[in-house]
Amino acid sequence: MEYKATKQGYADALRELGRENEKVLVMDADVAKATLTEQFEAEFPNRFFNCGVQEQNMLSAAAGLALEGFIPFASTFGVFATCRAGDQMRSSIAYPKLNVKIGVTHCGISVGGDGASHQSNEDIGMARTLPNMTVIVPGDYEESRLATHAAANMEGPVYLRFGRDKYPVVPEIHGSFEIGKAKTLRNGSDITIITTGILVNEGLLAATTLEEKGHSVRVVHMHTIKPLDTEAILQAARETKGIVTAEEHSILGGLGEAVAGIVAENHPCPVQRVGVMDTFGESGQSQELLDLYGLRAPDIVEKALKILS
Amino acid sequence: MLNKEEHEILKAKAKDIRREIVTMVHRANSGHVGGSLGAADIITALYYHIMQHDPKNPEWEDRDRFILSKGHCTPVIYAALADCGYFPKEDLLEFRRPGSHLQGHPYQPKTPGIDACTGTLGIGISTGVGMALGAKLKKQEHYHYILCGDGEIQEGQVWEAAAFANKYKLDNVIGFVDRNYLQTDGYSEKVMPMDPLAPKWESFGWKVFEIDGHNFEEIIDTIEKAKNEKQPVMIIANTTKGKGVSFMEGEAEWHGKPPAKEHFDKAMLELT
């Protein structure tokens, strides 16, 4: 299996966008080497602004640049954009619905060695509760590239979530990308697995395991958390016996709760959530942490069997 | 330099604005009267003498920008914008009411003449320096006037913005600290000391002027000087909170307390 960084998809798209549109600017807060925005800086030094270690000013200043007609991509780690600069995301960007793109890397438990201080498992919840905010969590390198283009091509604030590590390349999610439109990767009638972000690969592996046990499995990849593709969710609720959600994020506030809310209000069916429990992470290897915190295909299978049995 | 006639006009305008402030907050029974009254002379000088702006064309690309970083003082800016003709004066009756574009804190998408959303403290100056950087990129020559509260500058973000303006040599930024030494919880040097203030801004790479924020000549002459500087400028404007209404002057309790009927009548008598 090929592995590639989702943040590289972001960085590649930024350079492509830089060549197409001179209104595209990139900002970073002293993590340009880690977010890979230094690659944009190398090509467009005059359209790159390193704000130093000041995420709050970066996001409000990005709002100022958007007011002047630019398309700023403000980049930092997920935990800093949402937790450190949550007010600026809310008051400077979301409230006036400005055309700022917040591209964040190092999200989820797979940050690895840096530990809980840097492992952003809450950011989807924080971003999706902001009115006007579009929230996209791409599944692999190529989808990250496509999502970044899509974000640039829409008017309004977007939160783009990427990881630190290299993650499996999943050809099933390549091709087209439409914000707010989930991708049905497999059709099935017994149970639905809804994934977001890098857990799409685990979702597909889980589906294979379940199919080998004789179950018909639908896999829906929900790359956009907001606006949520409620039709795809309700179709799954109507046509299969239940839903397992899978995300590299807390089970609180993220995809799982979003899906459960839609289903409970419109067409109740069993929902099981795979995600980080209500706990902080710790240091470790990226891959071993995904095992330790229960974010693997066997965890999805286990939850699915709970519904199916 | 102001001639006598110009000076009289500004004085009269400032009084009109103060009347509107007291009326707006009284009618809404909500809002920030003290800080609005204190900033009325600076706002008057900016909107009626200094700034290049066009109420008929609020989005004019080359207009000077104004950012009310101390976003709670909407009454003073709404009064000035309405009087300039950005929107009908009747709209002021709806201040802080459901459905009104005149929100408690400035909402740029809906209110003509408001250049940025503010309200949580510190974000306005950051948005302002971002706009100023944008203007540099577009090779525009207008100025960005940013009014900060002296309580507001206790926010760390203000100093992030200060460093940023220095890095990008934003000589198109002219800020004010409305130095009235009072904030919600009382005397600002007791709540959180910020003096000596001028050296703080200077050490961040800003040119600092200190003025009487109620003296039109000083305000205007200093801004004209500020325009010639090749660095961002902060004007520390010494003001009196509640200025113009004797019983509100220098009283922290009038930071966020609306005047009831009795106080309203008394205030209006003083402002006629």
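The values are calculated or read from the model by the stated rules, or taken from the named source; none is laboratory data. All values reported here derive from a predicted model rather than from experimental measurement. All Cβ positions, even for glycine, are placed from backbone atoms using ideal geometry, and neighbour counts span all protein chains on display.
Test B:I123 against the stated conditions and say whether it is buried (at least 23 other Cβ atoms within 10 Å of the Cβ) and either at the interface with another protein chain (Cβ under 9 Å from one of its Cβ atoms) or over 28 Å from B:T222 (Cα atoms) (or both). Full working, then the answer.
Working: buried (at least 23 other Cβ atoms within 10 Å of the Cβ): yes; either at the interface with another protein chain (Cβ under 9 Å from one of its Cβ atoms) or over 28 Å from B:T222 (Cα atoms) (or both): yes.
In short, yes.
Of the residues A:A116, A:A150, which single one is farther than 14 Å from A:G78 by Cβ and not polar (S, T, N, Q)? Break it down stepwise before answering.
Details: A:A116 fails: farther than 14 Å from A:G78 by Cβ.
Only one candidate passes the filter, namely A:A150.
Could you check the range A:233-259 and list, in sequence order, the residues that are in a helix (DSSP H, G or I), crowded, with 20+ Cβ neighbours inside 10 Å and over 17 Å from the mean Cα position of the chain (by Cα)?
Selection gives A:I233, A:A236, A:A237.
Could you grab the pairs with beta carbons closer than 7 Å, sequence gap of 6+ or different chains, first residue in the range A:97-124 and free of Cβ contacts under 8 Å to residues at least 60 places away in the same chain and over 25 Å from A:H149 (Cα atoms), second one part of a strand (DSSP E or B) and not acidic (D, E)?
A:H118/A:F77
Could you count how many residues in the range B:121-131 are in a helix (DSSP H, G or I) and touching a strand residue (DSSP E or B) at 6+ places or on another chain (Cβ under 9 Å)? Break it down into steps so the answer makes sense when it comes.
To start, the set of residues in the range B:121-131 that are in a helix (DSSP H, G or I) comprises B:123-131.
The next check asks that each one be touching a strand residue (DSSP E or B) at 6+ places or on another chain (Cβ under 9 Å); those that pass are B:124-125, B:127-131.
Total meeting the criteria: 7.
Is it the case that some residue within the range B:100-109 is in contact with a Leu (Cβ under 9 Å, 6 or more places away or on another chain), at the interface with chain A (Cβ under 7 Å from one of its Cβ atoms), in a loop (DSSP other than H, G, I, E, B) and buried (at least 24 other Cβ atoms within 10 Å of the Cβ)?
no
Sort out for me the strands (runs of 3 or more DSSP E) sitting completely within the range A:16-81 that have 3 or more residues that are more than 11 Å from chain B (Cβ to nearest Cβ). Please lay out each step first, then the result.
Working: elements: A:24-28, A:48-50, A:71-77.
In the range A:16-81, A:24-28, A:71-77 are the strands (runs of 3 or more DSSP E) which contain 3 or more residues that are more than 11 Å from chain B (Cβ to nearest Cβ).
Just one of B:A198, B:A237 is farther than 17 Å from B:I17 by Cα and buried (at least 19 other Cβ atoms within 10 Å of the Cβ); which is it? Walk me through it before giving the result.
Working: B:A198 fails: buried (at least 19 other Cβ atoms within 10 Å of the Cβ).
When all the criteria are applied, what remains is B:A237.
Among the listed residues A:D87, A:D114, A:D123, which satisfies the condition of being within 14 Å of chain B (Cβ to nearest Cβ), in contact with a Ser or Thr (Cβ under 9 Å, 6 or more places away or on another chain) and more than 24 Å from B:K136 (Cα to Cα)? Spell out how you get there, then give the answer.
Working: A:D114 fails: within 14 Å of chain B (Cβ to nearest Cβ); A:D123 fails: within 14 Å of chain B (Cβ to nearest Cβ).
Only one candidate qualifies: A:D87.
Residue-by-condition table, conditions (1) at pLDDT 95 or above; (2) among the basic types (K, R); (3) more than 20 Å from B:I43 (Cβ to Cβ):
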position: B:A226; (1), (2), (3): yes, no, no
position: B:K230; (1), (2), (3): yes, yes, yes
position: B:I235; (1), (2), (3): yes, no, no
position: B:G242; (1), (2), (3): yes, no, no
position: B:F247; (1), (2), (3): yes, no, yes
position: B:E253; (1), (2), (3): no, no, yes
position: B:F264; (1), (2), (3): yes, no, yes
position: B:A267; (1), (2), (3): yes, no, no
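Can you tell me which residue within the range B:132-168, out of those that are assigned to a helix (DSSP H, G or I) and of a type in the set (D, E), is farthest from the other protein chains (Cβ to nearest Cβ)? Even if it seems obvious, please write down each step before you answer.
Of the residues in the range B:132-168, the ones assigned to a helix (DSSP H, G or I) are B:132-137, B:152-154, B:156-167.
Subsequent filtering for residues that are of a type in the set (D, E) retains B:152, B:160.
Values: B:E152: 13, B:E160: 4 Å.
Selected residue: B:E152.
Does the range B:186-204 contain any residue that is at positive phi, touching a residue at least 40 places away in the same chain (Cβ under 8 Å) and not in a loop (DSSP other than H, G, I, E, B)? Spell out how you get there, then give the answer.
At the first step, the residues of the range B:186-204 found to be at positive phi are B:186.
Checking which are touching a residue at least 40 places away in the same chain (Cβ under 8 Å) leaves us with B:186.
Okay, now just the ones that are also not in a loop (DSSP other than H, G, I, E, B), so B:186.
Yes, the range B:186-204 has at least one match.
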